[in-house]
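Beneath this line is the structure, given in structure tokens, with notes to follow.
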Amino acid sequence: MAKKVKVRFAPSPTGDLHVGNIRTALFDWAYARHTGGTFLFRIEDTDTTRVTDEYIQAAIDTLKWLGLNWDEGPEVGGDNGPYLQSQRLDIYAKWAQTFLDQKDAYHCYCTPAELEATREAQRAANVAPGYDGKCRDLTAEQVAAYKAEGREAVVRMRMPDGSTTFVDEIRGEVAFDHKFVPDFVLVRADGSPLYTLAVAVDDVLMKVTHVLRGEDLLSSTPRQIRVYQAMGVKTDDYPVFAHLPFVMGQDNAKLSKRNGEVSIAWYREQGYLPEAICNYLALLGWSPGDDRENITMKELCELFTVEKVHSSPARFDMKKLEAINGDKIRALTLDEFLKWSLPFLTKAGIITGTDSEVALVKAALPIIQERIVKLDEVPQMLKFLFVKKFEVEAESVSKIADQVSKDVLKRSLKELEPLATWNHDSIEAALRASLIEEMGLKPRIAFTAIRIATTGSTISPPLFESMELLGKEVSLARIAASLTL
Ligand code: GLU
């Protein structure tokens, strides 16, 4: 019987999780869900100089916000915890000692200056850089001499001659000649473990069956396999590796702060919906097998297989993400749209959140749902309904100062005042009959003046619906006030 799949996402939160991390997390999650397996979330925080508690919490919150729920990991627990590597240091120390006892690893007393001199010499001789094995077979006397000098040792893994070959589910067979995989450090002189030790030990102890992760980690795989061997893991029990293609920026260079916004926190603040981010990231390096671009989380789980992950790099396209976000916003129910919009309105200081404000927002949202691409447009769109002291925005004042605009505003006052029923149909009928048919004006000219007068801006939701929401009294008062500008 095939082993139950267990996939892990194991970030080192040295900053906010970025697009590449989340694409990996999403594929890990989708693969676990597709196979009915387990999604494990582990925090790799052994580099205490760069990982902070704040970034760890942000990583946890981001995954939750995206809906990438995990079955084992922080907050959730599980049989293989703790899931923060900083809480597992004794485990790594024990394994490092075992490797020393087995002679798979050795103490290395080389100083940073000596290592640098070796690298320098290798560069000069044009040979692959890396540790030269100087401390591999020290005698007891040599060790005693180094200790007497006060030198401190790191623990280094011995790489045997030969090569490591494994099958990557995306790339096929990959081979690494050990000439290019020198003996590597497992434990620093201060006793802290390095990534390669901790990641491999945890993948084994946490019974991970599949490692789907970024291509940047491909070259660390032979070192991890070396650790599995030293742990006595049988070849058949190694996890399956699948290295996901790089995500490139618009300019085809690797995506970074320089050529694209990378932090997921930024997208959240801009008003991208988690489903849109996940939908878009799912298409970065994977396709469902047809050219559809709108995918729900449920469909992703049903359809996701590693075979359909591409081996070539994917290119990040902000415009496509925006289009998908617009689609997802349009697909929200009114209550969902309200739930997503309220925080943006309160944060922008447009509303405080009273019941009457919320009711007005709810009434207004349907008229903007078709028009916005990101939630951060909601405050600008609805601000006109809530401002205490109404003002026409500076750049639009001159647009209603001409005689035609004044005539439009005067006439509209005259036509709107007697309206007994105030709704978008009656407003539109009255204004079209007078301004367009009788005065012969172009709709754009006539309605732009009224739009500015009532909402203060040229950018607003549909005009007649906006005026209906504003109410007759406020609409007419604003038009009258605009005539004095
Ligand atoms: N913690 C590693 C990183 O964030 C990834 C570990 C892995 O997936 O093997 O770069």
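Some points to look at:
- Whole-percent carbon and sulfur share, accessible surface of the chain, 1.4 Å: 53
- Label-to-label distance, nm, for residues given as R136 and N294 (7 Å Cα→Cβ offset): 6.2
- Helix 112-124 and the longest principal axis of the Cα set of the chain meet at an angle near 90°.
- Summarised as an ellipsoid, segment 382-485 has semi-axes of 18, 17, 12 Å, derived from the eigenvalues of the Cα gyration tensor scaled by 5 and square-rooted, with the largest first.
- Phi angles across segment 392-402 convert, under the Karplus curve 6.51 cos²θ - 1.76 cosθ + 1.60 with θ = phi - 60°, into 3J(HN,Hα) values of 7, 4, 3, 6, 9, 4, 5, 6, 10, 8, 6 Hz, Gly and Pro given as x.
- The string of couplings for segment 430-440 from the Karplus curve (6.51, -1.76, 1.60, θ = phi - 60°) is 5, 6, 5, 4, 7, 7, 8, 6, 6, 7, x Hz, one whole number per residue in order, with x for Gly and Pro.
- In this label model, S312 and T48 are separated by 4.7 nm, measuring between points 7 Å along each Cα→Cβ vector.
- Model label sites at R119 and S287, defined 7 Å from Cα along the beta-carbon direction, differ in position by 4.2 nm.
- Distant-in-sequence amide contacts of S163, defined by a placed amide H-H separation under 5 Å and a gap of 5 or more residues or a different chain, comprise H178.
- Under a 5 Å amide H cut-off, with hydrogens placed 1.01 Å from N, Y131 pairs with D183 among residues at least 5 apart or on other chains.
- Inter-centroid distance (Cα atoms) of segment 102-158 relative to segment 233-285, Å: 38
- Cross-link pairs exceeding 21 Å between alpha carbons, from the set K207/K254; K374/K399; K254/K298; K383/K414; K339/K374: K207/K254; K374/K399; K254/K298; K383/K414.
- Here r is the Cβ-Cβ distance between V127 and D335 and R0 is 41 Å; the resulting FRET efficiency, rounded to 0.05, is 0.05.
- Nearest-ten-degree value, helix 403-416 long axis tilted from longest Cα axis of the chain: 80
- Based on C-alpha pairs under 8 angstrom that are at least 6 apart in sequence, the chain has a relative contact order of 13 percent.
- The Cα center of segment 397-415 and the Cα center of segment 159-214 differ in position by 73 Å.
- Projected onto its three principal axes, the C-alpha set of segment 161-272 covers 49, 37, 28 Å, listed from the longest axis down.
- Under 29 Å from K147, Cα to Cα: lysines that are on another chain or at least 8 residues apart: K94, K103, K134
- Long-range HN-HN contacts of V211 with modeled amide H, under 5 Å: V240, F241, A242
- In plain terms, the chain from K257 to L100 could stretch by 52.4 nm, reckoned as 0.36 nm per residue minus the Cα-Cα distance.
The values are calculated or read from the model by the stated rules, or taken from the named source; none is laboratory data. Bear in mind that the values here come from a model prediction, so they are computed numbers and not experimental data. A quick note on method: Cβ atoms are made from the backbone with ideal geometry, for glycine too, and the neighbour counts reach across all protein chains shown. Areas reflect the complete protein model, heavy atoms only, side chains present, ligands, DNA and RNA absent. Shrake-Rupley method; radii C 1.70, N 1.55, O 1.52, S 1.80 Å.
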